[in-house]
Amino acid sequence: MTSVRFTVTPTKAEDHPGLSDTSPELSSRSGTHVRFGSRESVNRSEPPSDTSGGVTAPAGGGGTETPDYSNMEQGDGNSKLSSVYINNSHGADDDDLYDRNLALFEEEMDTRPKVSSLLSRLANYTNLMQGAKEHEEAESNSEKKKAKSPRMGTLMGVYLPCLQNIFGVILFLRLTWVVGTAGVLQGLCIVFICCCCTMLTAISMSAIATNGVVPAGGSYFMISRSLGPEFGGAVGLCFYLGTTFAGAMYILGAVEILLMYIAPEAAIFTAIGLESEGAAMLNNMRVYGSLCLLLMSLLVFVGVKYVNKLASVFLACVIVSIVSIYVGALVSAFKPPNFSVCMLGNRTINGHDLVDDRCAKTVLLSAERESANETLPGDANTTALPTLEPSPSPGPPLAEKTTYLWSRFCQSAELNASCDDYFTANNFSRIEGIPGLASGVITENLWSSYLSKGDVVEKGSLSSSQGAHAASTQQPYVFADITTSFTLLVGIFFPSVTGIMAGSNRSGDLKDAQRSIPIGTILAILTTSFVYLTSVLLFGACVDGVVLRDKFGDSVKGNLVVGTLAWPTPWVIVVGSFFSTCGAGLQSLTGAPRLLQAIAKDNIIPFLRVFGHGKANGEPTWALLLTALIAELGILIASLDLVAPILTMFFLMCYLFVNLACALQTLLRTPNWRPRFSYYHWSLSFLGMTICLALMFISSWYYAIVAIVIAGMIYKYIEYHGAEKEWGDGIRGLSLSAARFALLRLEEGPPHTKNWRPQLLVLLKLDEDAHVKSPRLLTFASQLKAGKGLTIVGTVVSGNFLHSYGEALAAEQTLKLLMDKERVKGFCQCIVAQKAREGISHMIQSSGLGGMQPNTVVMGWPHAWRQSEDPQSWKTFIHTVRVTTAAHLALLVPKNISLFPSNSEPCADGYMDVWWIVHDGGMLMLLPFLLRQHKVWRKCGMRIFTVAQMEDNSIQMKKDLATFLYHLRIEAEVEVVEMHDSDISAYTYERTLMMEQRSQMLRQMRLSKSDRERERVRWSFDDMSPRCRQCWKKCWICQRPDKPCFSAAPAAQAQLVKDRNSMLRLTSIGSDEDDDTDGGERDRAAAGDGSSSERHRRVQMTWTKEKASQYRAAHSGCSTPEGFRDMLSIRPDHSNVRRMHTAVKLNEVIVNKSHDARVVLLNMPGPPRNPEGDENYMEFLEVLTEGLERVLLVRGGGSEVITIYS
C-alpha cells in the first residue's frame, strides 16, 4: 500500500537554499491529468528522491501488487484503478476542478477559498490592504498606478520629525523667562507635568496606532475610528484649529526674532514715547506676520516637496542651536561670557539706555577732554565714581561730569538738579549676567519671583534703600510686560511639548508603522524631556535671575537671553531659532489643510464639504485658504503670550480624547482591540486624561470653557439627527431612552468588521427530567464571551404551546439557574414546537431585537449517534447546520464537550492549535484570541497550521501568513503543512465501503419493515367482502377514514379504520419526516375527544399473533431480502471515496501535529447539497476528528469578522 507523505516547512527560509523570496514554482505537474482513481504515485517533473516516502510506479505502468482489491490497467501515462471499487456515476472529470486533498470543502470553494489563494492575494502586503471600506477608492487607484512601497524607518520617519515639531519657538524665546519667573523648582515642576502629559498621551496613542494600519489623518483618524464620528469630528476640528494657531505662533516667534534681535531697524512703526512702544511693536508684528504668512502660504501652495526639502535644513538648525547651548554652559564654568548688567540698588537698568556705556551717576574727566566735550564710551582713562565727591588724585585737574542715566532720573543734566528719591538713595553697580556654571547662582534662582504688570525686575540679594513711591515707566528700568503666575506659565510653556503626532501622521510612509510609531515617538519625548529638564537646570545654574526674568533681553542690550549662554557666539542661537521657527510654521501650514481635507472627505460635517476638494494632484487648495485666514486671526493678536494658551487648549483637548479612546477600548475589551504595543493600561490613560483636563483649567479656565463649548457644539451638530428626547421617570426613563437610542442606532446599517463580536445563541437540550444534558456548553460560552456582548441560551420543548406552557416556564427557570451558576450574563429563550428542528429554526430566525441579534450559534455534537436507534438526533444536527448557513450565521460545535476545562480548571500551559484549511471570514483567527482573554486559556500559546498543495509555494505562504498575523496583532507560531497528492489508500476504500454498507443495511432494515406493513395491509384488503372493499376505496378517496360508509357493518367499519391507519404508518416509515407524522397524530389525539382518540390509537397499533404467524408463513421463502444480498457486491461512490480520502489525510496530519494540544480549532465542512448523503457527512466528520480530545468545529457566517485596521 502506497504511503502518504507529509512534510513541514522549516522555521527559516534559509534552510532551503534553493528557494528564493520571489515565490518560485516548487514543482510542476506532468502534462497528463491526475485521476483520483489512481493508487500509485504520480510522476512529477522533479527527479525522484530516496526519501520521498512514496512508491513510484515504473514507466510501464506497473504498480504494487494488490490482487485482493483491484485490477490495474495501462492508461495514458498514469495507472488507473479499475471500476470494481469505484462508482463513477458522478463523472471523473470533476477531479480536474478541485484538489482531492480538500474534497470535503469543494462544494463551497466559491465562498470559502483555500488559504493559499487568500494569502496569494495578500502577498504584496502594504499599509493600505484589501478589506476596509474607507480605502476602497484608494484600492482602485492603486491598481491603476503602481504604488511605491514605503521605506522610511524609525529614525527618519518618526523620531526626527517629532523632534522638529516638539522643539520650537518656546525653547528659544520663553524657557529662560519661565525659569527665572517660576524658579528652578517650579520650572522643573512645570516641565515635568507637561512632559508627563505628553508621555501618557504617547503611550495611549501608540496603543491606538498599533491596533491596525492608521492612514492619513493621524489623531483625527484614530479618535474618530475609536470613539465614533461625533467625537472624531469635534476633536479633529479642535486639533485642526490648534495646528493652525500653532502656525500663527511660530510665525509670530520668527517675526519677534527678526525685529528684536536680527534687524531692529527694519521696524515700520516707531514709538514716539515710552507709552506707545508696545503698540508700535504689535503693529510691526501684525504687518510682518501677515507678509510672512502670505509667503509661506504661497510656498505651500506651489508644492509641498519644497517644504520637505527644507525640513532637514530647519532640523539641523535646531540641533546645532541646542548643542551650542550645552557647549556654552560647559564653557561658562571656566570662562563665563562677558555680559554685564547695570543695577541701581537692586533694580535692573535697561541696557538700551546706556548710551554712553556708563553705569554711574557721574564721571571724572580731565580738563582737556571736558573742553573738547569728549565722552568716549569704554575709554580706559574714564573713571566711574559711585558718589558725588571726587577722590583726590595727583596729576592734572579733573572735572566732574554727569552721565546719560543722570539725565533720565533727574530733571536736567546739571549736578544741582532735582532727582528721583530712589536714585538719590541708591548707587549704581555692575553684575555679571552670566556668572557661569561654577558660580553657585542656582541657589538664588531656586525660588519663584512672580511679577505684576509694570513691576521692575529686581535682584533680591542686593541691598537697596526703598523709595517712597513706585518706579515710573518713564525711568530706564526693565519692567514686566504681563502679570505672571504659575498657571500662566503652564499655558505658555505647554506648546513646546506638542508635536507628538508627527509620527502617526506619517504612518503611510513608514516601512513598519506598528513598530516605528511607539519607539520613535516615545524616544522623541524622552529626548525632548531630557533637553527641557536639563535646560532648566543649566539656565538656573549659569544665568543670573534678573537676566532670566528679562523676557526680551533688555538688560543685556537687547541680546537674546538664551543666546548669551551659547558658544561661540549668540548669533548661532539667533539664526538657528529664526530658521527653526520658520520651518515649524511651514510644517503647520502643510499639515493643517490636509487634516481639514481628511475631515471634509469623511462628509460628517456638511458645511465643510467644499474643503475636501483641491488641485488635480490632491493638494488641498480650499483648505489651505481657510487655514491661512484662521492663522491671520492669530497673527492679528500679535502676542506670542496670548496665542500660546489658545493652541494649548486645543492640543490638550485632542490629547484628552486620545487617552479616553484608549481607556474605553481597553475597558470594553472589544475583539478588535489587539494593540501590538503592549505597555499600556487603562489607568495610565485615565491619568493622562485627568492631567489634560487639569492643565486646561490651570492654564486658562475661560479658554478651556470656550474650547469645550466649541467641541460640544460640533458634537451636537454632527449628532443632530440622533435620538429624540423622552421625558420619563428619572433614571429608568434615562435608561430606557439610552437603550432605545442605542438599538435604533444599531439598526441603521450592518455592523463594521471592527465592531464584530460573537453574539451567541447557545442551543441546549433538556432530558426527561428538565435537566440540561451538556452544561459545559454554557461554561464554554462564558469563557468565550468573558461577560461581554450578547448571549442568548435557548432550548426547544416538544409539544403544543397551549398544553406545554408550564413546561416551558420550568425549562426557562432551569436555564436561568444554570446561567447564574456559570456566571453567564444574557437572556434565555424557550420555544415550544412539535419538532425539535422546527423549534430550532424558529429560534434562529426570531432571536434578538433589532441590531442585538445573535450572529453565532453554539450547539453540541450528537453524542453516540451511530449507536442511537433514533436517527432524529443527527438529522436535527445537520438540519441546524443548514439553517445557520442559510441565515449567514457562524456555527461553533465543540466535540467532546465534557472534556473541556471548567472555569475552575485553568490550563497551566499548552497550545491552542488552529487548522486553517479554508478562509471563511477569519473566525478561526479571532476565537483563540477571545478565549485567551479568559483566565482558563490565558497561559495557552497559539499555533496556526495551514495546508499547502503541490502547486503552492509553502515558503512564501509561511511568510505571507506571518505578515498577515503581524498586521492582525496576533501572536502565534506559524506552520505550513505540505499535503502532496498521493494515492487513495486501501484503508480509505475499506472505510468508505463500511460506511456505505452500514447506510445500505439501515435502509434495507427500514424497507423490510415497510414490506411487512404493506403485506399486512394487502392481506387485510384481500379478506374484505366486495362491498366493504368498495366502501373502503370510497372512504380512502374522500380522505375520511375516521367516518366510513354507514352501510358497512360495524365490524367492517373497525377493520376499515385499522387498515387506514396502517396505510398512514406505511407512508412515514423510513422517511426523514418520521416525527412529523408522530407529532401530527399526537396533536390530533390531544385535540379530539378522549374515547375516539384512544380507540383510534389502539386500532392503529394492532398486530395480533395470528396475523404475525400468517405473515411469517407467507414470507418463509424470502427471509433474506434481495437488498441485503446486494450489499456484498456494493461499490463505493466515487465522490464519497474522495471525501473520505480528505478526511483521513487531514486527520492523520492533525493528530500527528496536535495530539498534545489543549484544543484544536478546525474548519467545519459544509453539509452535502444532496440530503441523501447526510449520514455519510456525519461519518466524514467523525473520521476528521478521530483521536482528538477537544475539538472545536468552526463554520463562518460568510462575512469578515477580523481586520487589520484600527
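Per-peptide packing, taken as the mean over residues of other Cβ atoms within 10 Å, places 346-356, 797-807, 180-190, 455-465 in the sequence 180-190, 346-356, 455-465, 797-807 from highest down.
A protection proxy built from the mean count of other Cβ atoms within 10 Å ranks the segments 586-597, 405-416, 255-266, most packed first, as 586-597, 255-266, 405-416. List the pairs from Lys765/Lys785; Lys335/Lys459; Lys788/Lys821; Lys765/Lys895; Lys335/Lys551 whose alpha-carbon separation is above 19 Å, in the order I gave them. Pairs exceeding 19 Å: Lys765/Lys785; Lys335/Lys459; Lys335/Lys551. Applying a threshold of 30 Å to the alpha-carbon distances of Lys361/Lys557; Lys816/Lys1153; Lys835/Lys935 flags Lys816/Lys1153; Lys835/Lys935 as lying beyond it. Electrostatic bookkeeping for Leu259 treats Lys and Arg as +1 and Asp and Glu as -1; over the other residues with beta carbon under 13 Å from its beta carbon, the sum is -2. Given a 1.4 Å probe and the protein chains as shown, Lys765 ends up with an accessible area of around 120 Å².
Residue ranking by accessible heavy-atom surface, 1.4 Å probe, largest first, among His681, His863 comes out as His863, His681. Peptides 199-205, 103-109 ranked from most to least packed give 199-205, 103-109, packing being the mean of other C-beta atoms within 10 angstrom over each peptide's residues.
Placing R0 at 22 angstrom, the Cβ-Cβ distance between Met156 and Leu526 gives a FRET efficiency of 0.75 after rounding to 0.05. Count Lys and Arg as plus one, Asp and Glu as minus one, and take only other residues whose Cβ is under 14 Å from that of Arg676; the net charge is then +1. Label-to-label distance for Leu746 and Ala864 is 4.0 nm, based on points extended 7 Å past Cα in the beta-carbon direction.
The values are calculated or read from the model by the stated rules, or taken from the named source; none is laboratory data. Remember, predicted model here, so these are calculated numbers, not experimental data. All Cβ positions, glycine included, derive from the backbone under ideal geometry; neighbour counts span all protein chains shown. Just the protein is used for accessible areas: all its heavy atoms, side chains included, with ligands, DNA and RNA removed. Shrake-Rupley method; radii C 1.70, N 1.55, O 1.52, S 1.80 Å.
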